[in-house]
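Since the structure comes first, as structure tokens, the remarks are kept for the end.
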Amino acid sequence: MRGSALLVAGLGLLAIAGLSFALTPASDGVAAPTPTHRPGATAEQPPAPSTMSIAAPPGAPAPTRTTDHATATTREDDAPARLIEALRQADREASGPEVLEVRRQLREILRRRPDLASTIARTLAELENRELAFAIARTLVPFAREPNRDDAVRDALLETARSGAAAPREAALHVVIGTRDPEVAAIVADAFFDESAATPVRAVAAFILADGAVAAVDPATADRVLARARAIVDDPDAPRRLQAETFDLLLVQDDATDRARARRHLHDPRAPLPVALAAARVLMAAGEPDETIRAALEARRPTTGPEEVSLLHSALAAFDGGPSLSTGGGF
């Protein structure tokens with residue numbers, strides 16, 4: 001069954017999680033209660049009785065209509081296991097618009113049942129579908145940060161960021177962009193050092209460190225980060241995405257040798273454009289004259305391939321008041 005058929009067949013996440021009743025207005029025109037408790041707590045009042053049947057997973061008998069509150073409560077208690085199975089099915093089948101629909105449904109589930117956030121966070125570690133992993137991670141951002149932080153969600157995300165498979169590890173790291181927490185920053189640094197990790201994992205770790213997390217690690221680790229960054233920048237065989245994201249770490253210290261590194265990549269016609277743009281960004285931040293940087297980028301026009309023309313055009317537009325130089329990144 002294709003992922004889109006999850007909804008067509010009445011097997012949407014809301015139904016599989018046993019939450020259809022929570023989205024149905026209660027009888028007598030009274031709206032179903034919306035939880036106002038913090039994540040992880042138990043709702044202070046029970047959900048309204050069900051007025052519709054809840055779709056069952058493939059192969060399971062369809063439940064009958066009921067107004068029995070005990071039955072509804074049992075179904076609600078089954079929600080974590082049913083939700084895990086639904087996410088596993090989406091991992092196998094969902095893509096494109098289907099992933100967006102999964103994300104929409106998860107947001108609605110978490111609005112009604114914030115206590116399920118930790119279940120979703122733990123399930124993230126199992127996923128292989130990168131697109132789905134990012135969609136799920138986005139729904140968990142509010143639960144990983146103040147003021148609504150849920151420690152169970154945070155712990156599950158950090159464990160995935162520490163040692164998860166490539167897709168969920170990268171997605172979990174994106175959740176902590178902007179961190180200044182020493183514990184989290186240390187995990188990010190370990191991901192940056194991990195040469196066995198996938199390139200996107202190390203690249204986002206470099207981005208987070210350069211974004212300020214490096215200031216939260218201990219001095220010895222900060223020195224190691226800078227030394228590794230320089231080695232990556234100097235390595236002609238380093239993956240270009242990792243190299244590009246690593247450049248900003250050269251701004252940690254105001255070092256003339258690091259500025260020379262950046263100039264070398266900016267003026268090298270063989271340097272990939274994202275790497276040259278990263279070097280330009282570092283030099284701009286270090287106070288290099290704009291006209292010098294712009295001239296070096298203009299010189300790349302004749303050799304820029306069609307797939308990168310728009311990227312170069314956008315970079316040059318930054319000198320005319322356009323968006324800042326960027327090689328991508330963000331969440």
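The values are calculated or read from the model by the stated rules, or taken from the named source; none is laboratory data. Quantities reported herein were computed from a predicted structural model and do not represent experimental measurements. Using ideal geometry, Cβ is built from the backbone for each residue, glycine included, and neighbour counts are taken over all protein chains shown.
Residue check, ALA203 against (1) closer than 30 Å to ARG130 by Cα; (2) buried (at least 21 other Cβ atoms within 10 Å of the Cβ); (3) over 28 Å from the mean Cα position of the chain (by Cα); (4) not polar (S, T, N, Q), all met but one. Which one?
Going through (1) closer than 30 Å to ARG130 by Cα; (2) buried (at least 21 other Cβ atoms within 10 Å of the Cβ); (3) over 28 Å from the mean Cα position of the chain (by Cα); (4) not polar (S, T, N, Q) one by one, ALA203 breaks only (3).
Per-residue answers, yes or no, for (1) touching an Asp or Glu at 6+ places or on another chain (Cβ under 8 Å); (2) crowded, with 22+ Cβ neighbours inside 10 Å:
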{"residue": "ARG107", "(1), (2)": "no, no"}
{"residue": "LEU110", "(1), (2)": "no, no"}
{"residue": "LEU132", "(1), (2)": "yes, yes"}
{"residue": "ASN148", "(1), (2)": "no, no"}
{"residue": "ASP151", "(1), (2)": "no, no"}
{"residue": "GLU159", "(1), (2)": "no, no"}
{"residue": "ALA166", "(1), (2)": "no, no"}
{"residue": "VAL176", "(1), (2)": "no, yes"}
{"residue": "THR179", "(1), (2)": "no, no"}
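Determine whether segment 269-281 contains at least one residue that is over 22 Å from VAL309 (Cβ atoms), more than 32 Å from the chain's Cα centre (by Cα) and surrounded by fewer than 21 Cβ atoms within 10 Å (Cβ to Cβ).
For segment 269-281, residues over 22 Å from VAL309 (Cβ atoms), more than 32 Å from the chain's Cα centre (by Cα) and surrounded by fewer than 21 Cβ atoms within 10 Å (Cβ to Cβ): absent.
Does ARG138 qualify as being under 11 Å from the mean Cα position of the chain (by Cα), more than 18 Å from ILE187 (Cα to Cα) and basic (Lys, Arg)?
yes
Output the number of residues of segment 287-303 satisfying the condition of being crowded, with 16+ Cβ neighbours inside 10 Å and outside any helix (DSSP H, G or I).
Total satisfying the criteria: 2.
Considering segment 180-226 alone, what residues qualify as being of a type in the set (Gly, Ala, Ser), under 22 Å from ASP155 (Cβ atoms) and not in a loop (DSSP other than H, G, I, E, B)?
Once the filter is applied, which keeps residues that are of a type in the set (Gly, Ala, Ser), under 22 Å from ASP155 (Cβ atoms) and not in a loop (DSSP other than H, G, I, E, B), segment 180-226 yields ALA185, ALA186, ALA189, ALA191, ALA205, ALA213, ALA216.
Surrounded by fewer than 18 Cβ atoms within 10 Å (Cβ to Cβ), out of contact with any Leu (no Cβ under 9 Å at 6 or more places or on another chain), within 29 Å of VAL175 (Cα to Cα) and without any contact (Cβ under 8 Å) to a residue 24 or more places away in the chain, is that true of ALA260?
No, not satisfied.
Determine whether segment 151-166 contains at least one residue that is among the β-branched types (Val, Ile, Thr) and closer than 23 Å to ALA262 by Cα.
no
Restricting attention to segment 93-107, does a residue exist that is hydroxyl-bearing (Ser, Thr, Tyr), assigned to a helix (DSSP H, G or I) and either in contact with a Gly (Cβ under 9 Å, 6 or more places away or on another chain) or at pLDDT 95 or above (or both)?
So the first thing to find is which residues in segment 93-107 are hydroxyl-bearing (Ser, Thr, Tyr), and the list is 95.
Next cut, assigned to a helix (DSSP H, G or I) only: none.
The answer is no, given that none of the residues of segment 93-107 is hydroxyl-bearing (Ser, Thr, Tyr), assigned to a helix (DSSP H, G or I) and either in contact with a Gly (Cβ under 9 Å, 6 or more places away or on another chain) or at pLDDT 95 or above (or both).
Within segment 155-179, which residues are assigned to a loop (DSSP other than H, G, I, E, B) and in contact with a helix residue (DSSP H, G or I) (Cβ under 7 Å, 6 or more places away or on another chain)?
Hits for segment 155-179 are GLY164, VAL176, ILE177, THR179.
For segment 227-249, which residues satisfy the criterion of being in a helix (DSSP H, G or I), in contact with a helix residue (DSSP H, G or I) (Cβ under 8 Å, 6 or more places away or on another chain) and either surrounded by fewer than 18 Cβ atoms within 10 Å (Cβ to Cβ) or not hydrophobic (A, V, I, L, M, F, W, C) (or both)?
ARG228, ARG230, ASP234, ARG240, ARG241, GLN243, GLU245, THR246, ASP248
Pick from segment 239-257 the residues that are more than 26 Å from GLU298 (Cβ to Cβ) and free of Cβ contacts under 8 Å to residues at least 24 places away in the same chain: which of them is nearest to the chain's Cα centre (by Cα)?
By that ranking, first place goes to ASP255.
In segment 279-295, what count of residues is obtained for those that are over 15 Å from LEU316 (Cα atoms) and without any contact (Cβ under 8 Å) to a residue 24 or more places away in the chain?
Qualifying residue count, segment 279-295: 1.
State all residues of segment 118-154 that are of a type in the set (Asp, Glu), in a helix (DSSP H, G or I) and farther than 23 Å from PRO200 by Cα; if no residue qualifies, say none.
Initial filter on segment 118-154 (of a type in the set (Asp, Glu)): 126, 128, 131, 146, 150-151.
Next cut, in a helix (DSSP H, G or I) only: 131, 151.
Result: ASP151, single match.
Scanning for something of a type in the set (S, T, N, Q), out of contact with any Pro (no Cβ under 9 Å at 6 or more places or on another chain) and more than 18 Å from ALA198 (Cα to Cα), does segment 169-184 turn up at least one residue?
Yes, segment 169-184 contains a residue that is of a type in the set (S, T, N, Q), out of contact with any Pro (no Cβ under 9 Å at 6 or more places or on another chain) and more than 18 Å from ALA198 (Cα to Cα).
Take the conditions crowded, with 16+ Cβ neighbours inside 10 Å and at pLDDT 90 or above and apply them to ILE54. Does it pass?
It is false that ILE54 is crowded, with 16+ Cβ neighbours inside 10 Å and at pLDDT 90 or above.
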